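Just so you know, all these numbers are worked out from the coordinates, no wet-lab data involved. None of these values were measured; they are calculated from a predicted model. When we count neighbours, we look across all protein chains shown, and the Cβ atoms used for this are built from the backbone with ideal geometry, even at glycine.
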Amino acid sequence: WHISLSTWFRDYVYIPLGGNRVVKWKRYYNLFITFFVSGIWHGANWTFVTWGALHGLFLIFAILKNNWLDPKYGNRNERKPYQFLQILITFHLAVLGWVFFRANSMEDAGVLLGSLDSFNFSELFRLILHLKLEIIFIILLLASEVYFEIKKVRIEQVVNPVPYTHLRANETPEH
């Protein structure tokens, strides 16, 4: 669904505006307009328009940052902390955008964003206790990811499907 929607926006909004075959400032303008229109498509409310406009601005910022900052980091080991920081920033910007997408009005979005400074650690602790099984699972997944990254093991080396080459063409394996 989202692949066909993004393809539609690319083919019928972004490319007719000139796509990326224009001067740089016009390319950024085309990206912004495409995301702005995508916000309008999601709903007839200023919250959706804001969501689309923010994503357009975030994408333009990312392109500008990539052109300016990325070439300064050479080898892979130097990039690790930088990549982790990129993931954190991307996550937080996406969450910021989703506040507008989910809010019923701009006023509600303002209330949600305004309440961010009153973070309650006791509620967080209660939530962690409630979700302990899920948190343990997430920690195990992250630990396995770190292990595989350190050992340079590919998932295909760990999970190898049983070959059924000994079966004839019309047979199926018994389970």
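Here the label points at residue 106 and residue 83, each 7 Å from Cα along the C-beta direction, are separated by 4.0 nm in the simple model.
Each peptide in 40-51, 130-141, 16-27 was scored by the mean count of other Cβ atoms within 10 Å over its residues; highest first, the order is 40-51, 16-27, 130-141. Working from label points 7 Å from Cα in the Cα-to-Cβ sense, the residue 8 to residue 126 distance is 4.3 nm.
Segment residue 67..residue 90, full-extension length gain: 6.6 nm, with 0.36 nm per residue of separation and the alpha-carbon distance subtracted.
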